[in-house]
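I have placed the structure first, in the form of structure tokens, so that the comments after it can refer back to it.
Laboratory data are not the source of any read-out in this text; all were calculated from the coordinates shown. Keep in mind that what you see is a predicted model, and the values were worked out from it rather than measured. As a convention, Cβ positions derive from the backbone with ideal geometry for all residues, glycine included, and neighbour counts pool all protein chains shown.
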Amino acid sequence: MVMFSTRKTWDLDCSPCFQELWQKNVSLDTSSVKFLMSDSDDDGSFMSLPTAASLQRQSLTSELSNKNTSNQQHLIQVEELEVKLLDRTREVERLRSELGATDLEKQLELLVVENEQLKQQLKSWRCLEPHNIDAAAKTCNCSHCPYSQDAEKMRRELLHSKSQSQQRERSLADLEQDMPRKSPRVDSLMWQLHDSTHQQEDYGQWQGEAEHKPTLRSKQCEQELARQGAAPPRVEFVTQTVKADPTDSHRALAEVQTKNVALQEQVSGQRQLLRELQTQLHESQRNCAQLRTQILVYEEELQRAQGQLEVEMQNLEEEKNKVIEEAFMRAESQMKAVHENLAGVRINLMSLQPALRTLTCDYNSLKRQVQHFPYMLDKAITEAKHEICQVISEVSSTNQELLLKYKKEMNLRKKCHNELVRLKGNIRVFCRVRPISQDEKDAADARILLSFDSDDDSILYLSSKGKVMTFELDKVFPPQATQEEVFKEVQSLVTSCIDGYNVCIFAYGQTGSGKTYTMEGETDNPGINQRALHLLFSEVREKAPDWNYKIKVSMVEIYNETLRNLLSESSSAKLDIRMKPDGSGQLYVPELTEFPVQSLVDIKQVFELGRMNRATACTNLNEHSSRSHALLIITVCGLNITTGDRTQGKLNLVDLAGSERISKSGAEGTRLREAQCINKSLAALGDVINALRSKHPHVPFRNSRLTYLLQDSLSGDSKTLMMVQVSPSPSNTSESLCSLKFAQRVRSLELSSASAASRKHENLSTPSSPTHDHTEVDSPPVTPIPLPISRASSAGTTLSSTSRTSSGSRRRSQSQVPTGQLKVKM
């Protein structure tokens, strides 16, 4: 509560400025209260402690800042703080006796606050002593100390006390920073308090004068009346004048009395407020007594803690001494061992002195040699350079000779390979018999009319109408032959494509004989198409350092004598076969889509697209019969990086449509027209074969789109392989017989070519015939491609074995083939 010259009592909880001043024990007068009750938002209205307290706190802060003093200095400072605390207690008693009730209460509160601050500072000084304990604990921090756990626990408690001390120091620093800002306001309030006190004293004097002034004025008036009563008539005028004066005096007296009443009311209010403040003073005295009791308790706890600290310090000092003694003992033992080792080292040095003298002599001799070393080094380097140059020249000449020999061997390998292909025939005929199906095994007539020769894999026997007919081909694959075995016999032709030759491999046979399986295969067991591309990729990788190859793939379908692009979005667009305008005589298909392929992923995408666009239908002979001829055209373009020579070979992989009898396949309508077109194209292929066999000057390639498109592969230096697919079912005996007879006619053309090639090879083997111009006639007009020598040797071995097999097969064929067939061969 705050006392001022009105009857209004203000709640300190509702007035923050009063509460702040009450906590800081600042007395206020009426003018100060009016200033604090204003709506001013100035932060300067909240002042801190008086200047004396501020100076005292600064001194305490300067004392607290010195944290690195010894324990004795800390104890001295604690005693000084206790003396200051007693001085503050005496000052409270003195102020209580000298000042009034209100000012005494404020000063008491101020001293209580300062007393609490001194207690906190005292605790902070006591908390500084754990630093020494921590240092002592660190000196004895070893595994041999039996009280290490207790010391660790005590260290944690000291660290906790240290953190609390740091928090109090931060709060004290905040108060010290706030003190300079609020001290001017406190000074101004103190000046206002002195002014209000002087005004109150002046007002009391004025009030006393006002009470005595009417009485003196009335006495003066009575005396004046008595004096004028004895005067002449002039006195009447004066008397009348004087009579008017008491009226003014009474009026003034009334005003003074009114003011006096008001002042008495104010005095009564002040007395009531004084009684209330006295009540508060008694409560503050009780609180002060409680605080003193708490101070005594804190002092007892401080003394007890100090005693414990001294005991612990003594224990730690004992432990430290013990640890030092143990360390000293260990150091002495180690020093003794070091001295012993030193004595041994000295003995070793004495024994090593002769060796040292020997090494010194060796060093001197080596030093003399090193002085002559630069001359010897230059001489050795010169000789080494001369020898290296000589060796390099010899290696270079040897390398050139080896390179020439390698090129000759590669040319020889290529010639041998080409001769081998020519000996086998530019048109080779293979036959593959598919396995019999479960339905064919369950049929009533489940006889197998085909048989094989166990000694010769090029002969096939067919029983028809009680007569056994023998067919001799280049290779016959039984039903158990795998895709890998079939491709092994084909891969030599695929390699010729890289050398710049045109190669054609086509599958021929009736519907359901396994043509598509042989050419395309399955996903996990691919056929000739995918295996050929795999082989091309491997060959290209082997020749990559010297040659740069590009492989392009296109797929064409001949459906009802119409060319269709299987790799375009609109596969129904018709294509045409034309002659190149450059006068080379080669054929090409305008607007044919060509995809460059570089990996197996590209191959799978191309095959999937072509398989989706190809035309198939269901017939009586096959549920998924191919109704068109499918051609996979692979173009390989090569560039020799060293010489700049170029090669271009083409590989045609053809899956012909099934040859069938219309009466047996049950084709009608659209299927009938498809069958007619298929049979017409196959008949045109037979006419071309007959014309080539009879060496007719005009070969009817233009009679069919199929033969016209394969013209490059059926003439010139091209190499052609015909894979005849045969069904073992007795129900298909007539179709199998027709297919084998057609294959026999094709091989008759091939055998005549092979015989000519064989004779040509014999002439080249004589000493008088091998000339460079003659041996290069059958080679492509490009520089030979280097291949591994092992492949050339294998080619030579195959050549000799093939020659023997061909001659043996020819003799066997003359004795077993019917007379009509012998006439065809002759």
>> Taking 0.36 nm per residue of sequence separation and subtracting the Cα-Cα distance, how much length would be gained by fully extending the chain between Arg702 and Leu302, in nm to one decimal?
In response: 131.5 nm
> Calculated FRET efficiency, Glu332 and Val83, Cβ-Cβ r, R0 51 Å, to nearest 0.05?
Replying inline: 0.50
> What pairs from Lys162/Lys322; Lys580/Lys650; Lys465/Lys680; Lys415/Lys719 go past 19 Å between their alpha carbons?
Replying inline: Lys162/Lys322; Lys465/Lys680
> Given H placed 1.01 Å from N in the peptide plane, which residues other than close sequence neighbours of Asn502 have an amide H under 5 Å from its amide H?
Replying inline: Lys650, Lys719
>> Distance cut-off 29 Å, Cα to Cα: go down the list Lys604/Lys741; Lys488/Lys574; Lys488/Lys741 and report the pairs above it.
In response: Lys604/Lys741; Lys488/Lys574
> How large is ³J(HN,Hα) for each residue in region 705-712, as worked out from phi by the Karplus curve 6.51 cos²θ - 1.76 cosθ + 1.60 (θ = phi - 60°), to whole Hz, x for Gly and Pro?
Replying inline: 4, 5, 5, 5, 6, 9, 4, 5
> Any idea how far apart Arg646 and Glu265 come out in nm if each label point goes 7 Å out from Cα toward Cβ?
Replying inline: 12.8
